[in-house]
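Single-structure report; data block below.
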């Protein structure tokens, strides 16, 4: 086994970085979805949702940067083109969504997909002893589970 400068198995970190790049691409699509629903939301819940969606896209933007920097920390290059993002996208793409319930549903569906990816990365990083990525995924999961719960509550649904 060959270790990199931060003491992790190079082969395992290359695989983790690949998964992080997939997560990065999907976060970029999620971020753009949030911008779109922030801009296009209409109706009686406009004021509340407009602010909430801005809060979410600001957070997603920070996470995009964290993920990209972690890919770099692991010695790889983060994806950075729209072409890369669309090819790797698993989260649904929301286009011209202005209705409140459709917008919130898009968030729930997107986060559900991101959570699946993050759990897979969490398992790999645990096995690889990659505490840095593991901690980041754990934090993301905790936050996003709460957001899903809140959005589902807003929709009148249970998790």
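The values are calculated or read from the model by the stated rules, or taken from the named source; none is laboratory data. What you see is a predicted model; the values in this text were computed from it and never measured. With ideal geometry, Cβ positions are generated from the backbone for all residues, glycine too; neighbour counts draw on all protein chains shown.
Which of the residues that make up the range 130-144 are within 15 Å of residue 59 (Cα to Cα) and surrounded by 14 or more Cβ atoms within 10 Å (Cβ to Cβ)?
Correct list: 136, 137, 140, 141, 144.
Taking residue 19, is it farther than 28 Å from residue 106 by Cβ and either within 24 Å of the chain's Cα centre (by Cα) or part of a helix (DSSP H, G or I) (or both)?
When the stated conditions are applied, residue 19 does not pass them.
Quick check on the range 28-45. Is at least one of its residues surrounded by fewer than 14 Cβ atoms within 10 Å (Cβ to Cβ), at pLDDT 95 or above, within 17 Å of the chain's Cα centre (by Cα) and farther than 19 Å from residue 147 by Cα?
no
Somewhere in the range 113-129, is a residue surrounded by 15 or more Cβ atoms within 10 Å (Cβ to Cβ), farther than 16 Å from residue 28 by Cα and in contact with a strand residue (DSSP E or B) (Cβ under 8 Å, 6 or more places away or on another chain)? Steps first, answer last, please.
From the range 113-129, those surrounded by 15 or more Cβ atoms within 10 Å (Cβ to Cβ) are 113-115, 117-118, 121-122, 124-125, 128; that's our starting set.
Still in the list and also farther than 16 Å from residue 28 by Cα: 121-122, 124-125, 128.
Imposing the further condition that a residue be in contact with a strand residue (DSSP E or B) (Cβ under 8 Å, 6 or more places away or on another chain) reduces the set to 128.
Scanning the range 113-129, I find at least one residue that is surrounded by 15 or more Cβ atoms within 10 Å (Cβ to Cβ), farther than 16 Å from residue 28 by Cα and in contact with a strand residue (DSSP E or B) (Cβ under 8 Å, 6 or more places away or on another chain), so the answer is yes.
What residue, of 148, 159, 93, 104, is modelled with pLDDT of 95 or more, more than 20 Å from residue 28 (Cβ to Cβ) and either out of contact with any strand residue (DSSP E or B) (no Cβ under 7 Å at 6 or more places or on another chain) or part of a loop (DSSP other than H, G, I, E, B) (or both)?
On the way: 148 fails: more than 20 Å from residue 28 (Cβ to Cβ); 159 fails: modelled with pLDDT of 95 or more; 93 fails: more than 20 Å from residue 28 (Cβ to Cβ).
Only one candidate qualifies: 104.
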